[in-house]
1. Taking the criterion of being polar (S, T, N, Q), surrounded by fewer than 15 Cβ atoms within 10 Å (Cβ to Cβ) and either assigned to a loop (DSSP other than H, G, I, E, B) or touching a residue at least 40 places away in the same chain (Cβ under 8 Å) (or both), would at least one residue in region 118-127 satisfy it?
2. For region 91-107, give me each residue that is surrounded by 15 or more Cβ atoms within 10 Å (Cβ to Cβ) and in contact with a Pro (Cβ under 9 Å, 6 or more places away or on another chain).
3. Does any residue of region 407-422 turn out to be free of Cβ contacts under 8 Å to residues at least 60 places away in the same chain, under 18 Å from ARG487 (Cβ atoms), of a type in the set (Asp, Glu) and surrounded by fewer than 23 Cβ atoms within 10 Å (Cβ to Cβ)?
4. For region 278-299, enumerate the residues that are surrounded by fewer than 19 Cβ atoms within 10 Å (Cβ to Cβ) and either out of contact with any Leu (no Cβ under 7 Å at 6 or more places or on another chain) or of a type in the set (Val, Ile, Thr) (or both).
5. Would you check if there is a residue in region 13-31 being in the same structural domain as GLY133 (by TED's automatic domain parsing), assigned to a helix (DSSP H, G or I) and free of Cβ contacts under 8 Å to residues at least 60 places away in the same chain?
6. Do any helices (runs of 4 or more DSSP H) lying entirely in region 460-571 carry at least 1 residues that are without any contact (Cβ under 8 Å) to a residue 24 or more places away in the chain, surrounded by 21 or more Cβ atoms within 10 Å (Cβ to Cβ) and charged (D, E, K, R), and which ones are they?
7. Say we look at region 148-194 and pick out the residues that are outside any helix (DSSP H, G or I) and among the basic types (Lys, Arg); which of these is surrounded by the fewest Cβ atoms within 10 Å (Cβ to Cβ)?
8. Inside region 57-85, can you point out the residues that are touching a Pro at 6+ places or on another chain (Cβ under 8 Å) and assigned to a helix (DSSP H, G or I)?
Amino acid sequence: MPLAVPIPLALSRFKRLPQRAGEVWQGDIVRFPMWVEHQTDSNGPPFRPTGVLWVSMRTGLVHLDLAKEGEQATPELALATFLEFGLKWARRLEGRPARVDVCNISLRDALAAPLTIIDTAVVLVDDLPAVRGALRNLEEQSTGERLPGLLESPGMSVDRVRAFADAATAFFVARPWDHLTNEDLLIVESGRAPRNMRHVCVLGQGGQQFGLAFFDSRAAFERLLEGAGAGRSASRAHGVTFGAIDELPFADVDAWQDHALPVAGPHAYPLPADMKRDGSMRRPDARGLTHAEALLRALAETTEDELDAGTWQKRVPAFDGPIELTFSLPFLLEAEAGRPTTAVAPMVLPRVAEREGVRIARLLERRSFESIEAVNAELELLNQEGVAPESPRELTSLERAQELAFDAMEAHGRLRIKRARQALAISEKCADAWVLLAEEASTPDAAVERYERAVLAGAAAIGADRFASLRGEFWGHLETRPYMRARLGLAQPLRDVGRHDEALAHYRALLELNPGDNQGVRYLLLAALLDLGLNHEAGVLLAEHEDDLQALWPYGRLLWRLRVDAGTARTRAAFDAAIQANPYVVSYLLDPDSIPFDRPPHFALRSREEAAYVAETLADAFAATDGALEWLATQAPPSPSRPRRRGRRRR
């Protein structure tokens, strides 16, 4: 708040106040411990306001003022706030100070001349404990709890934190989460490693949280994989995570800004912390931070070939001197050695069953049988003996690559990526290997690039002549399925990056190649058309599949009716048909936050699981349709039973 009177007049009034001998005020130009949204740019990142803070050492009274948005606090503001403090709180302060303590040379020089007029000494000091205390109180009031800073840990120094920040920057730039999944446990051996930092997981494959997670033991990591994370294993979050600057404790924000510490980008500020279930935070000591520095630097330098080896060593520089680390991927090593592992295996996909079909096709291609009964008898014998059909000839490079791709489909973690890379090393025409790598991509852009390579590889493997001759019956031939998977996989990340026209073109082409639609492309196409407001084409598609039994179809038709002829008897009939198909969908549409986050991959018709799938698929399109949700709320009968709220809606 600016002074109500000019500075000279305020100084004159201030001088009339009695001066108290021994009265000391401390003040400084500060960054306040709060984040404020821009009023002029609602989409801009929040900012920390600067301002001035004064504290009376005798009374403990605090007075502050903020600079205008987009401006920095100045010594002129400090003087104005100083005078306002004394004049506004004259009765409680009982006079003006004899001395003012500051720790900013420019502020001292700016205040010296005007305060000499009122016989107040300006003293330059090394520390302002009263100002620090006031800022801590403000932080506790704005955040509920003051979080400790890195520099407050035992044995910490700016240079040690700078070495850690430099390693964190290298780690973030290297993006090791592109090569390791959240299912990969890393065991780290080092004579200098704290025990609670020897079991590590690289975060980031899901594209949401990036960094390192530490576990007390392999068993703790396996409990998390097995879904026991809601128990004791989820009572803490220990690691190094990356995020925006407003996700750091304010003490760390000050450290990064005051000392110009390195950072990889606006969303790459590192936060090393052990977060407890009660919300308290413990920061690493000097030894723990330097070990984290070594881990980050070593993983930034690790190659994919080293990861595929399953065990490797790194010697990296660190603040206290070079550190030697030995890494291993136990799940990968155990799987390759044929030993059982307690790691969670991936969901068995229908495409894995193609392996036997491909092998049988090779078995039959150069052998003659007297009858179909003879073929079945041969296959039954092989099944009873547990023997896979052997090829009557040497496999081509593409066939050998496809066998490795089938292995990758049944693998998890880094082994899945390793087998896909091995397949591509044999033949780059192995579309399924590219698809597997695309599925492990950490960003939509990376997924698009790999899926595009998969589509090209699949087309090349089929050949132009064969491609043309099979049009309309693609799914009936095993050789075309990798291409079909690649093209369908490509469409979704294209939508994620805003290339909607290209995604729609792929959906339409897949239905042309395979009108029987074994892949369920029509459901994805319908949702995309409704999302994009392409109502005419959506109506044509709905008419082509009028007898589809899944509830997505009648609810899609209801939404289409609400857009083209809302309020008619046909709209009410469409609503009745949708309720008949699945009565639970409406409650989810009206309350999307109630859609369960964790759901099985399959569902039964008319089930709650189907309702959750339908509501999540159509929620955005319903919300974007004027009056649609309001109309539903007036028409909907009471739900058979209210779905339990189990988590936030996922996209």
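The values are calculated or read from the model by the stated rules, or taken from the named source; none is laboratory data. Since the structure is predicted, the reported quantities are computational estimates derived from the model, not experimental observations. Virtual Cβ from ideal backbone geometry, glycine too; neighbours counted across all protein chains shown.
1. no
2. ARG96, ASN104, LEU107, listed by residue number.
3. No - not one qualifying residue is present in region 407-422.
4. ASP278, GLY279, SER280, ARG282, ASP285, ALA286, ARG287, listed by residue number.
5. no
6. Output list reads 552-564.
7. ARG192
8. The answer is LEU79, ALA80.
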